[in-house]
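Shown next, in structure tokens, is the structure this report addresses.
The values are calculated or read from the model by the stated rules, or taken from the named source; none is laboratory data. Keep in mind the model is a prediction, meaning the values are calculated, not measured. So basically every Cβ, Gly included, is an ideal-geometry build from the backbone, and we count neighbours across all protein chains shown. Ligands, DNA and RNA are stripped out before the accessible areas are found, and what is left, the full protein with its side chains, is counted by its heavy atoms. Shrake-Rupley method; radii C 1.70, N 1.55, O 1.52, S 1.80 Å.
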Amino acid sequence: MEVKLKVFRYNPEDDEGKHFDTFTLEAEPTDRVLDLLEQVKNYVDGTLTFRRSCAHGVCGSDAIRINGVNRLACKVLVQDLKSKTVKIEPILGLEVEKDLVVDMEPFFRHYKSVLPYFVNDDPPPMKERLQSPEERSRFDDTTKCILCASCTTSCPSFWINEEYVGPSAIVNAHRFIYDSRDQAAAERLEILNDQFGVYRCHTIFNCTDACPREIEVTKAVGEVKKAIATGRLE
Amino acid sequence: MQSRKVPQPGWNLEYTMWMFTRLSGLALPVLGLIGITAALVMGARTQMDLGTLMRWTFFPNVSHVTSSNIPDYVPWGGAFWQIMQIMIAFFGFTHGFNGLRVVAEDYTNPGFWQVFWRGIIFLVWLFSLLAVIFVIINS
């Protein structure tokens, strides 16, 4: 089948500015959008720049906007797109460096700000820090985050104001706040109890729709708000 | 699985207004229910039309029932209903103006413009509230 690939282009080193290039390609229905981008880069225009690593939905490096919604290029099949014209753009809210590559620094700065690591100052036991299956299942959903930034860059609050910590950082805070072995929940809640913390979330669910790992992002944000309000981790 | 307690973060404007928005959102329909229930008990079912009853429900001011067939306006006025009106105005205005503040702060960073919009919204909220209290007390 014939597919028209309309790709956002930007090279800070030339005078063309931000524009779209259209490529007409032959594709199988089972091809992924990443395969189309690879076809362009390998056979048509080697200057096309995008991130990719594992190409199997695990590393999260190829998050882009496909026909207006955030998706991983390696997880979307041509046959699942409603149109034979595929519009490809970089994710929104982060500065474009070249073509589909954006500056991820603000995203990771927010991620680091919520202490996204295990904190427990008790002396380590001889074997392991025990946790029941029920306690582990409490934060199972938010362990699935691959830091692709699809959720944060689908959030209008983040588009408007880059200071907003963003849904991804809150998801990663949730993962440790609800971990029964962790001891820094209060610090994380204090960080998120801020003008640019959880209160910029207006529950529009774009993040939940965008997440390629099907994490219930808005629900996790709501649970963090509830923990701040009640002082209980249920 | 037992719930765990965690020290609550300190109060700040965002947290206070976030809580207030939820509580006022609950308070407004409760106040409306009190208004409509009291109106029905005081004879609204046979003495006023639906439009008048709705006006009273959302703002229980005696001037809203003067065009109805109520024979005696005394139970519809008085301090209790004035306090109810002030509460409805306070919860409604504060809820709404806080919504405006949130929208303004979505689009501004801390600094001059944020302080400017906060100030404007606060002044308009204060003026509106004082004006409505003046009208309630003198009606």
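General remarks:
- Cα gyration tensor shape of the range A:110-156, rounded if a/c is under 1.5, else prolate or oblate by comparing a/b with b/c: oblate
- Largest to smallest accessible area among A:Tyr43, A:Tyr111, A:Tyr117, B:Tyr107 [probe 1.4 Å]: A:Tyr43, B:Tyr107, A:Tyr117, A:Tyr111
- Pairs of Cα atoms nearer than 8 Å and 6+ residues apart set the relative contact order; for chain B it is 23 percent.
- Backbone N under 12 Å from the A:Leu77 label point (7 Å along Cα→Cβ), restricted to the range A:29-47: A:29-33
- Note on chain A: helix-only mean residue ellipticity at 222 nm, from DSSP H runs of 4+ residues weighted -39500 (n - 2.57) and normalised by residue number, equals -7500 deg cm²/dmol.
- DSSP beta bridge pairing in chain A, given as percent antiparallel to the nearest 5: 80
- About its Cα centre, the range A:2-102 has a charge dipole of approximately 460 debye under the convention of +1 per Lys or Arg Cβ and -1 per Asp or Glu Cβ, with nothing else charged.
- Using a 1.4 angstrom probe on protein heavy atoms only, the contact between B and A buries about 2400 square angstrom of accessible area, both sides summed.
- Mean Kyte hydropathy of 1.6 or more with a Cα span along the axis of at least 24 Å, helices from DSSP in chain B: B:112-138
- Annotation for the range B:67-139 versus the range A:1-18: alpha-carbon center distance of 52 Å.
- Look at where the Cα atoms of the range A:148-177 and of the range A:53-110 average out, and the two centres are 16 Å apart.
- Normalised contact order of the range A:90-234, rounded percent, pairs of Cα under 8 Å and 6 or more residues apart: 27
- Listed as lacking a disulfide-compatible partner in chain A: A:Cys74, A:Cys145, A:Cys148, A:Cys155, A:Cys201, A:Cys211, by the criterion of no other cysteine Cβ under 4.7 Å.
- Taking 7 Å steps out from each Cα toward its Cβ at B:Thr46 and B:Ser128 produces label points 4.1 nm apart.
- Only lysines eight or more places from A:Lys112 in sequence, or on another chain, were considered; those with a Cα closer than 24 Å are A:Lys144, A:Lys219, A:Lys225, A:Lys226.
- For chain A, the square roots of the Cα gyration tensor eigenvalues, ordered a ≥ b ≥ c, give a/c of at least 1.5 with a/b greater than b/c, which places it in the prolate category.
- Surface share of carbon and sulfur [accessible, 1.4 angstrom probe, percent] for the range B:13-138: 77
- Potential lengthening of the chain between A:Arg109 and A:Thr22 amounts to 27.9 nm, from the contour at 0.36 nm per residue minus the alpha-carbon distance.
- Surface composition of chain A: carbon and sulfur make up 49 percent of the accessible area, probe 1.4 Å.
- Only one residue of B:Val135, B:Gln82, B:Trp117 has its Cα farthest out toward the positive end of the dipole of chain B, where Lys and Arg carry +1 and Asp and Glu -1 on Cβ, and that residue is B:Trp117.
- Projecting label points 7 angstrom from Cα along Cα→Cβ for A:Lys4 and A:His56 puts them 3.6 nm apart.
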